[in-house]
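**Q** Pasting in a structure now, in structure tokens, and then I'll have a few things to ask.
The values are calculated or read from the model by the stated rules, or taken from the named source; none is laboratory data. Keep in mind it's a predicted model, so treat the numbers as computed, not measured. Quick reminder, even Gly has a Cβ in these numbers, built from the backbone with ideal geometry, and neighbours come from all protein chains shown.
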Protein chains: 2
Amino acid sequence: MRLRDEDSVALAIRKLDQGTEIEELNLTTGQEIPSGHKLAVKAIKKGEPITKYGQVIGFAFEDIKVGCHVHTHNVEVKAFKRDYAFGSETKETEYLPEDQCATFQGYLRPDGQVGTRNYLGVLATVNCSAGVSHLLRRAISQEELAKFPNVDGIVALGHGSGCCLPPDSEALAQLRRTIAGFARHPNFAGVLLVGLGCEVNLVDTLVEKEELITGPRLRTLNIQDLGGTGKTVEKGAEILREMLIQANQQKRTPQPASKLKVGLECGGSDAYSGLTANPTLGAAMDILVKSGGTAVLSETPEIYGAEHLLTRRAVSREVGDKLVKRIRWWEEYTAQNGAQINNNPTPGNKAGGITTILEKSLGAVAKGGSTNLVDVLLYAEPITQKGFLFMDTPGYDVVSITGMAAGGANLICFTTGRGTVYGCEAVPTLKLASNSDIYNRLAEDMDVNCGTILEGETTIPEKGKELFELILETASGKQTKNEKWGFTGHDMVPWHLGAVL
Amino acid sequence: MRLRDEDSVALAIRKLDQGTEIEELNLTTGQEIPSGHKLAVKAIKKGEPITKYGQVIGFAFEDIKVGCHVHTHNVEVKAFKRDYAFGSETKETEYLPEDQCATFQGYLRPDGQVGTRNYLGVLATVNCSAGVSHLLRRAISQEELAKFPNVDGIVALGHGSGCCLPPDSEALAQLRRTIAGFARHPNFAGVLLVGLGCEVNLVDTLVEKEELITGPRLRTLNIQDLGGTGKTVEKGAEILREMLIQANQQKRTPQPASKLKVGLECGGSDAYSGLTANPTLGAAMDILVKSGGTAVLSETPEIYGAEHLLTRRAVSREVGDKLVKRIRWWEEYTAQNGAQINNNPTPGNKAGGITTILEKSLGAVAKGGSTNLVDVLLYAEPITQKGFLFMDTPGYDVVSITGMAAGGANLICFTTGRGTVYGCEAVPTLKLASNSDIYNRLAEDMDVNCGTILEGETTIPEKGKELFELILETASGKQTKNEKWGFTGHDMVPWHLGAVL
Ligand SMILES: [Ca+2]
Ligand SMILES: [Ca+2]
Ligand SMILES: [Ca+2]
Ligand SMILES: [Ca+2]
Ligand SMILES: [Ca+2]
């Protein structure tokens, strides 16, 4: 299987004996090629680049003949390693003419953002108000909600932080940014912010520092001011009932695909993730970006050591430098905490056919497609640019998705090889299986089977197109598998920095 | 108001003009004494100790006459500061004769621990299985639960951690210890541990490393093994139904107060916390310890800089050293994370009448009463000793209480001045207001009003006795205010150490 026409290697999707003829590549294997490993599709001279997914994954250490095994014994990465070569691999984005761009049915909000769902949100500033936030969600019964058919429901987002952290810290600034991001999220027709009243992350300070605008769409309450649980639930339910009337008047209208901001995630990856689900997602994101939309890659530990893959696609030196700065920050963050950040191929990766760190990270980066990197965002920073972006987040699924959702992502695509059942409560989350086995076994949780690519039933570009259509349908209201289950609670986990005091 | 008969100072609970006669102390004020400030109840010579709550809070910097103001101008702490004086203030515990010890109605478990409630627990190993854990809780309807009148309900405990942390780290060991602590908690008649299947904190490894014993009272499930959300909920609900039958056969029986392990917490403290609610709790804990029970103080940042108060009460050099070691650990932890740990009196504290760091910490430490410190535990470490213990936790209420509950605390007492609505879902949590204003305003959340002490309606020893009775009733099944609200979710927040990867 060749992933891109220009690649110098192809992948054996099953073990190939020596002397196997492969018609579509017009070659005969010169050696046995293990399943998942690479073979040369053309003669590669010593020192020439090895390309996969259209990207350099290393350089030939010796001359390699057509049909021969390409792996650690004949590939080196050193010369490439430290060269960020800012912008060296950018290419002009071929935007689609406006009349050819896709549309979806979304909720246009006053600030110009577009919602893919129409929820009310109850956001806790601190763990101390999380319980009351959930009581508020439950205070409006399903029967009562049914009277507001245009409202998708009430989402309560509690979390474990908000107090006992230093008042002037990066930790508090990041938490504020995260909660403020949800307060502004277009999937909420209205938001109720609930505080206790003596926490470090006070409601009023949050509103002021983040320049949130209170009014009919954003109301605030403090439990201590109101006199306890019952009074807060009573007052909060009254507010939610007012918001329900207004939210029910919202209608879906045709919106250009350029209003989509898709957050990209992988979790429980396997050897096939980088071959099927991730490049399928990348193909869909290329269509999205060409339609004027936004794709947000994240999970800094997944690209660590191979950030060159992205700096080379950066639209400017400044954008490339922003990424390098975050990489340096992570080196300090992990060192300070006695942890290691090291994305080198493990022995298991190598046995599976992964040759270099560049190749490994390519698998993760493939989710973002092939367009230029237009900006690098901090965790939970508002997503305002169009095109392909990177947001600095941990690899931990829920923490990473919380950051992208807080940034304003209105749809999440999550690839998995081992299987996951997670979905962000406020933002529809499509799950893409990398292999048919996990798709079939977790059929009740998986939305897309990318395993069919391995079986030759479809190709990456075809599957990417199909996924793009599903993204539009989902953005227009089609339920994801996850949404059908009605998960509540623990779907938001802000990235907590530093000590808990 | 004098807190203890042996104290050399008393507190002015309102402003006292110069020359005010105070009959019960047999003195006349020599100066104006601001509200909340201290006055000498006997002549104190230069260099003599100043005692409050029966503890040294500093030394007279000059001769102080009866009735005069005792504050920063005439008190110093230096000489005392660095002297841990291990065990210098221990005194023999006056245990009550067995036939005079109180009893309560509790659930005796096979391992000898006694539950104060009879729940089933659904515990998530990782955030990825938190959503399914909550679906499992809801899978058994209230109508169905009503058929098992001896069961108090099903508690689902999700959290934000469990993956993307280093496999051999202190962080993972601590998380395992915390979840294992809940798995063994006597308030659960049965526990279902739910994992995803590819997380760092794997179910099987957790069970093995923590030497948990699986069987009818502890069952495990992995979502990936079972094939997704619906199948896991179906299988899990079947297990919960089996457990309900067994749990419903459990009956309360008379148990000695020595089986009580009370976790102590303060949050949203005010100037009165250290005068009313905390010493009331301390008086109750003295009765508990004399009855053979266990009181667990926590919140290391609250005693930082005044750890001498506890080392002097340590039963051995070894126990004192354990505390000092944790203090040193905190210095590193906060320094590494760019935070400060500094419990010195703030200008606000001083204006309110707090003179020294010893006095400030005394307010917090007062919750633990006056008996000897018999051991120092790590976060979430099993509580096996009787008597007065210290557990190393952050001050953050939910994180601290999670650690004590994981250690096996079967009742929590939480003092507050500003008001809090938190309660641990698995462990009954009594809330003690430090002043009548907050008690009246948050009457629907507060269990005990210690403000009546300020108003002269009762005394600390009287109120302590009353609280001890309420603890016995609560342990026997009387609902706390918190339990009546039916909070669910976010009541467990393990202390996460280090980086999120
Ligand atoms: Ca991930
Ligand atoms: Ca969800
Ligand atoms: Ca406190
Ligand atoms: Ca606290
Ligand atoms: Ca609760």
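**Q** Test A:Leu281 against the criterion of being over 28 Å from A:Cys424 (Cα atoms) and of a type outside the set (Val, Ile, Thr), and give yes or no. So that I can check it myself, show each step before the final result.
**A** Values: over 28 Å from A:Cys424 (Cα atoms): no; of a type outside the set (Val, Ile, Thr): yes.
No, not satisfied.
**Q** Same structure, new question: For the stretch B:3-14, state whether one or more residues are farther than 20 Å from B:Ser88 by Cβ and touching a His at 6+ places or on another chain (Cβ under 6 Å).
**A** Taking every residue of the stretch B:3-14 in turn, at least one turns out to be farther than 20 Å from B:Ser88 by Cβ and touching a His at 6+ places or on another chain (Cβ under 6 Å).
**Q** Answer yes or no as to whether B:Cys198 is touching a Phe, Trp or Tyr at 6+ places or on another chain (Cβ under 7 Å) and at negative phi. Spell out the reasoning first.
**A** On the way: touching a Phe, Trp or Tyr at 6+ places or on another chain (Cβ under 7 Å): no; at negative phi: yes.
No.
**Q** Turning to a different aspect of this structure: Does the stretch B:406-414 contain at least one residue that is within 14 Å of another protein chain (Cβ to nearest Cβ) and farther than 21 Å from B:Met285 by Cβ? Talk me through it step by step, then tell me what you get.
**A** Step one: filter the stretch B:406-414 for residues within 14 Å of another protein chain (Cβ to nearest Cβ), giving B:414.
If we keep only those that are farther than 21 Å from B:Met285 by Cβ too, we end up with none.
Among the residues of the stretch B:406-414, not one is within 14 Å of another protein chain (Cβ to nearest Cβ) and farther than 21 Å from B:Met285 by Cβ, which makes the answer no.
**Q** Determine which single condition B:Gly268 fails, assuming it passes every other condition in (1) crowded, with 24+ Cβ neighbours inside 10 Å; (2) within 16 Å of ligand 4 (Cβ to nearest atom).
**A** So the condition that B:Gly268 fails would be (1).
**Q** Now, a different point. Suppose we filter A:Arg241, A:Arg252 for residues that are farther than 30 Å from A:Asn349 by Cα, away from ligand 4 (no atom under 16 Å from the Cβ) and under 30 Å from the mean Cα position of the chain (by Cα); which single one remains?
**A** Matching residue, one of A:Arg241, A:Arg252: A:Arg252.
**Q** Tell me which strands (runs of 3 or more DSSP E) are completely within the stretch B:31-115 and hold 2 or more residues being of a type in the set (Val, Ile, Thr) and within 25 Å of B:Pro345 (Cα to Cα), or say none if there are none.
**A** Filter on the stretch B:31-115 gives B:49-52, B:55-60.
**Q** With the stretch B:288-350 as the region, which helices (runs of 4 or more DSSP H) entirely inside it contain at least 3 residues that are closer than 20 Å to B:Thr393 by Cβ and more than 14 Å from every other protein chain (Cβ to nearest Cβ)?
**A** B:308-311, B:317-336
**Q** Now a separate question. Output yes when any residue across the stretch A:35-53 is polar (S, T, N, Q) and in contact with a Lys or Arg (Cβ under 6 Å, 6 or more places away or on another chain), and no when none is.
**A** Yes, the stretch A:35-53 has at least one match.
**Q** Could you go through the stretch B:244-257 and let me know if any residue there is surrounded by fewer than 22 Cβ atoms within 10 Å (Cβ to Cβ), among the polar types (S, T, N, Q) and in a helix (DSSP H, G or I).
**A** yes
**Q** Please go through the stretch A:340-375 and give me each residue that is closer than 16 Å to A:Leu297 by Cβ, surrounded by fewer than 23 Cβ atoms within 10 Å (Cβ to Cβ) and among the aliphatic types (A, V, I, L, M), ordered by number.
**A** The answer is A:Val374, and nothing else.
**Q** Let me ask something else. Considering only the stretch A:367-382, state which residues are within 14 Å of chain B (Cβ to nearest Cβ) and in a strand (DSSP E or B). Walk me through how you get there before you give the answer.
**A** Just the residues of the stretch A:367-382 that are within 14 Å of chain B (Cβ to nearest Cβ), to begin with: A:379-380.
Matches in the stretch A:367-382: none.
**Q** Here is a further query. So the check is Cβ under 9 Å with 6+ separation or different chains; which pairs have a first residue in the stretch A:471-495 that's more than 8 Å from chain B (Cβ to nearest Cβ) and a second one that's within 16 Å of ligand 5 (Cβ to nearest atom)?
**A** A:Met492/A:Gly158; A:Met492/A:His159; A:Pro494/A:His159; A:Pro494/A:Gly160
**Q** Determine which single condition B:Leu275 fails, assuming it passes every other condition in (1) more than 16 Å from ligand 5 (Cβ to nearest atom); (2) within 16 Å of the chain's Cα centre (by Cα); (3) surrounded by 23 or more Cβ atoms within 10 Å (Cβ to Cβ).
**A** (2)
**Q** Right, next: Considering only residues that are within 14 Å of chain A (Cβ to nearest Cβ), touching a Gly at 6+ places or on another chain (Cβ under 7 Å) and not β-branched (Val, Ile, Thr), which ones fall in the stretch B:197-233?
**A** B:Cys198, B:Glu199, B:Asn201, B:Leu202, B:Leu221, B:Asn222, B:Gln224, B:Asp225
**Q** Given the criteria within 15 Å of ligand 4 (Cβ to nearest atom), surrounded by 24 or more Cβ atoms within 10 Å (Cβ to Cβ), of a type outside the set (Asp, Glu) and within 14 Å of another protein chain (Cβ to nearest Cβ), does B:Val399 qualify? Break it down stepwise before answering.
**A** Working: within 15 Å of ligand 4 (Cβ to nearest atom): yes; surrounded by 24 or more Cβ atoms within 10 Å (Cβ to Cβ): yes; of a type outside the set (Asp, Glu): yes; within 14 Å of another protein chain (Cβ to nearest Cβ): yes.
Yes; evaluated as a whole, the condition is true for this residue.
**Q** State all residues of the stretch A:157-168 that are touching a residue at least 12 places away in the same chain (Cβ under 8 Å), out of contact with any His (no Cβ under 6 Å at 6 or more places or on another chain) and more than 7 Å from chain B (Cβ to nearest Cβ); if no residue qualifies, say none.
**A** Within the stretch A:157-168, A:Leu157, A:His159, A:Gly162, A:Leu165, A:Pro167 meet the criteria.
**Q** Return the residue satisfying two criteria in turn: it lies in the stretch A:1-26 and is basic (Lys, Arg) and outside the structural domain of A:His71 (by TED's automatic domain parsing), and of such residues it is surrounded by the fewest Cβ atoms within 10 Å (Cβ to Cβ).
**A** A:Arg4
**Q** Among the residues of the stretch A:406-431, what is the count of those that are within 14 Å of ligand 1 (Cβ to nearest atom) and under 17 Å from A:Leu120 (Cα atoms)?
**A** 1
**Q** Considering only residues of the stretch B:455-501 that are among the acidic types (Asp, Glu) and touching a Gly at 6+ places or on another chain (Cβ under 8 Å), which is surrounded by the fewest Cβ atoms within 10 Å (Cβ to Cβ)?
**A** Taking the candidates together, the pick is B:Glu483.
**Q** Right, something else. Need at least 1 residues that are modelled with pLDDT of 95 or more and buried (at least 24 other Cβ atoms within 10 Å of the Cβ) per element, so show me which helices (runs of 4 or more DSSP H) inside the stretch B:132-218 make the cut, counting only ones lying wholly within it.
**A** Correct list: B:170-183, B:203-209.
**Q** Can you give me the number of residues within the stretch B:230-287 that are more than 16 Å from ligand 2 (Cβ to nearest atom), closer than 25 Å to B:Thr402 by Cβ and out of contact with any Pro (no Cβ under 8 Å at 6 or more places or on another chain)?
**A** Qualifying residue count for the region: 29.
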